[in-house]
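The values are calculated or read from the model by the stated rules, or taken from the named source; none is laboratory data. The structure presented is a predicted model; accordingly, all values stated were derived computationally and were not measured. Cβ: placed from backbone, ideal geometry, glycine included. Neighbour counts: every protein chain shown. Areas reflect the complete protein model, heavy atoms only, side chains present, ligands, DNA and RNA absent. Shrake-Rupley method; radii C 1.70, N 1.55, O 1.52, S 1.80 Å.
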Amino acid sequence: VERTPSDPQTVHETDSAVLNYGRPGGAPAQSFHAATPPAVKAVVQRNRGTAIRITVGFDFGTHSTKVLYRKHGDTVTRILYLDEPCKEYPSFASPSLVRLDNDGRLWFGSETLLRNSGHLHRSLKVRLLGPDRESSLEPFPPGPTPQFLVAAYLAWAFHRVRDKLQAEFGAHALRMNLAAPMNHVQNERLRDVYLHIVQTAWQATFGECPLAVDQGVRLDAVQRPFTRLLDSKLVPESERHFEVLPETIAPIVSMSFNPRMAPGFYLIVDMGGGTTEISVNMVGKSKKGQNVHCYFDDLIHLGGNDFAALAVKEASAAAAGRLRLLDRTCAAIRKVWYGGYEKEKEAQRTIRARWKDLYVLLSGGGTRNKEVADRIRQCPPQRYIFVADPCKYVVGRYEPANIDPGLHQVSDVDLSLLSVAHGLALEAQRWPELLKPVEVQAFDPAPRAERPEAYWYVGGK
Ligand SMILES: Nc1ncnc2c1ncn2[C@@H]1O[C@H](COP(=O)(O)OP(=O)(O)OP(=O)(O)O)[C@@H](O)[C@H]1O
Ligand SMILES: [Mg+2]
């Protein structure tokens, strides 16, 4: 099979920017003038010669938010502790929660759990995906929209990122990568929704008229300017300092920079609170170094929160519900594995035989659920094809390499929650590039139009 990864140098690199905060420690707490049109131009000075460039991998999860950053040139990626440590969450995770209290004030992250007045908004990310297919969410209350609440949470978090990096590095160039729950065939509607939200939070933090979005900020002080920002046009891609990338691809990028990966086929299962992303990949070593081919990726709108929502049901209904969720998870794993295998099923025996062995890498909090992990262990997807042949099937936990936890203690299990943020913290030019549909004439007699989807190639170090 002849594959020609395109030259990684051709991947566009978006300009960096030096962010001027006006004074050490962050932007002045300035109020936004609702009368003026929302600024769509960040306060930046283009300066390609800036000494310090930082890429932030910002994983806004349904359940928790994780942030890593990497100074260009460094091999380690560092954890940015966004929030106060919180019970039942790893020290680096901020609960993705927003509370609107009865006094019309907004609270974010762990602070929301210290209060009980008003409404606590959970699973906000899932609200952006459209109808709740599992019906595990409560009806959304009247008041601010999920888009506004997510933008406000992100603005609060971006302020913290800005202040922490400013305190550590002084002036620097910053790039922020976020992920949306989509596979490599990007869901343009969802990406657009995300981009508007991220742009709003970015403007409120790094824009010409930053807004103070601190704990306890009054809803009426931010709702109007945020709504205007959410409605404003996206700045051209070349001027953006943030990007929204597919959530299935981020762990693959992380994996491709992991020296511990032995060559072979790997299936990544990242089950978070609201979605499960799955991809099947081949890690190969060549003279040039390590490379990863993603053969197939997909996601389902199912996660740990759907399991948790069953807890309130009567025992037999809960057991039946769990079984259904486990079946759906395994069916999705089979589908992804087969989607990859299908691309080589007409190939010669030695190529097909490589698909007999599979390593599964579990990632995300949802796979900490023993029932989920056990069920995945019992369902080797290749068994449906190689019924009688010896097959190898190893299920383990994914651990991103070279993460510096700073002064905190972080367990290996917790590290596996950082696979998305880790991939996102790798700078844009190292991100995978979409190849043209695979040229496998010898094994693919189908006409060009019927050939499988293109797949991603991730270059080595
Ligand atoms: N020990 C555990 N047992 C069972 N479930 C757990 C455990 N720890 C975490 N979870 C579940 O994992 C989920 C959160 O995982 P994670 O932080 O990876 O999600 P997320 O990244 O916020 O969500 P998503 O990726 O879907 O947007 C929650 O549903 C939580 O209930
Ligand atoms: Mg996640």
Only one of LEU100, LEU68 is of a type outside the set (D, E, K, R), away from ligand 2 (no atom under 16 Å from the Cβ) and at pLDDT 95 or above, namely LEU100
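Any residue at all in segment 264-273 that is more than 21 Å from the chain's Cα centre (by Cα) and away from ligand 2 (no atom under 16 Å from the Cβ)?
yes
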Flagged in segment 66-107 as of a type in the set (Gly, Ala, Ser) and more than 15 Å from ligand 1 (Cβ to nearest atom), in numbering order, are GLY73, GLY104
With the first residue restricted to segment 361-376 and required to be under 23 Å from MET282 (Cβ atoms), and the second required to be part of a helix (DSSP H, G or I) and away from ligand 2 (no atom under 12 Å from the Cβ), Cβ contacts under 6 Å at 6 or more apart or on different chains are THR367/ALA373
Within segment 84-102, the residues that are open to solvent by less than 10 Å² (accessible area, probe 1.4 Å), in a strand (DSSP E or B) and of a type outside the set (Ser, Thr, Tyr) are PRO95, VAL98
Problem set entry | Boolean, LEU361 is within 16 Å of ligand 1 (Cβ to nearest atom) and outside any helix (DSSP H, G or I) | yes
For GLU237, the lone unmet condition from (1) touching a residue at least 40 places away in the same chain (Cβ under 8 Å); (2) farther than 30 Å from TYR295 by Cβ is (2)
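Quickly run through segment 108-126 and pick out the residues that are closer than 22 Å to TYR194 by Cα and open to solvent by 60 Å² or more (accessible area, probe 1.4 Å).
Going through segment 108-126, the residues closer than 22 Å to TYR194 by Cα turn out to be 108-109, 120-126.
The one that is closer than 22 Å to TYR194 by Cα and open to solvent by 60 Å² or more (accessible area, probe 1.4 Å): ARG122.
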Pairs returned, first residue in segment 255-279 that is over 16 Å from ARG397 (Cβ atoms), second residue that is within 11 Å of ligand 1 (Cβ to nearest atom) and in a strand (DSSP E or B), beta-carbon separation under 8 angstrom, 6 or more apart or interchain, are GLY273/SER64; THR275/LEU299; THR275/ILE300
Of (1) small (Gly, Ala, Ser); (2) in contact with an Asp or Glu (Cβ under 6 Å, 6 or more places away or on another chain); (3) assigned to a strand (DSSP E or B), ALA421 satisfies every one except (3)
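Sort out which residues of segment 273-290 are more than 9 Å from ligand 1 (Cβ to nearest atom) and out of contact with any Pro (no Cβ under 7 Å at 6 or more places or on another chain), and write them in order of number. I'd like the intermediate steps shown before the answer.
Initially, segment 273-290 is screened for residues more than 9 Å from ligand 1 (Cβ to nearest atom), giving 278-290.
Answer for segment 273-290, where residues must be more than 9 Å from ligand 1 (Cβ to nearest atom) and out of contact with any Pro (no Cβ under 7 Å at 6 or more places or on another chain): ILE278, SER279, VAL280, ASN281, MET282, SER286, LYS287, LYS288, GLY289, GLN290.
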Within segment 258-272, of all residues that are open to solvent by 10 Å² or more (accessible area, probe 1.4 Å) and within 16 Å of ligand 1 (Cβ to nearest atom), the one farthest from GLY340 (Cα to Cα) is GLY272
Apart from one, (1) touching a residue at least 12 places away in the same chain (Cβ under 8 Å); (2) surrounded by fewer than 20 Cβ atoms within 10 Å (Cβ to Cβ); (3) more than 16 Å from ligand 1 (Cβ to nearest atom) all hold for PRO139; the odd one out is (1)
Scanning segment 401-416 for residues that are crowded, with 17+ Cβ neighbours inside 10 Å and modelled with pLDDT of 90 or more, the one nearest to the chain's Cα centre (by Cα) turns out to be SER416
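Would you point out the residue of segment 274-327, among those that are within 16 Å of ligand 2 (Cβ to nearest atom) and among the aliphatic types (A, V, I, L, M), that is most open to solvent (accessible area, probe 1.4 Å)?
Here the residue is ALA308.
Per-residue answers, yes or no, for (1) open to solvent by less than 10 Å² (accessible area, probe 1.4 Å); (2) over 27 Å from GLY321 (Cβ atoms); (3) touching a residue at least 40 places away in the same chain (Cβ under 8 Å):
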{"residue": "ILE52", "(1), (2), (3)": "no, yes, yes"}
{"residue": "HIS63", "(1), (2), (3)": "no, no, yes"}
{"residue": "LEU82", "(1), (2), (3)": "yes, yes, yes"}
{"residue": "LEU106", "(1), (2), (3)": "yes, yes, yes"}
Result of the Cβ filter at 8 Å on segment 310-325, keeping first residues that are small (Gly, Ala, Ser) and partners that are open to solvent by less than 80 Å² (accessible area, probe 1.4 Å), at least 6 apart or interchain, is ALA311/ALA318; ALA317/LEU310; ALA318/LEU310; GLY321/LEU310
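Do you know which of the residues in segment 108-136 that are charged (D, E, K, R) and part of a loop (DSSP other than H, G, I, E, B) is farthest from ligand 1 (Cβ to nearest atom)? Steps first, please.
Restricting attention to segment 108-136, the residues satisfying the condition of being charged (D, E, K, R) are 111, 115, 122, 125, 127, 132-134.
In the following step, the residues that additionally are part of a loop (DSSP other than H, G, I, E, B) were identified as 115, 122, 132-134.
Working: ARG115: 21, ARG122: 10, ASP132: 13, ARG133: 14, GLU134: 12 Å.
Once the filter is applied, the top-ranked residue is ARG115.
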Counting only residues in segment 391-400 that are within 16 Å of ligand 1 (Cβ to nearest atom) and in a loop (DSSP other than H, G, I, E, B), the one surrounded by the most Cβ atoms within 10 Å (Cβ to Cβ) is identified as TYR398
Considering every residue within segment 374-390, establish whether at least one is buried (at least 22 other Cβ atoms within 10 Å of the Cβ) and at pLDDT below 95. no
Scanning segment 328-360 for residues that are among the aliphatic types (A, V, I, L, M) and more than 21 Å from VAL283 (Cβ to Cβ), the one surrounded by the fewest Cβ atoms within 10 Å (Cβ to Cβ) turns out to be ALA331
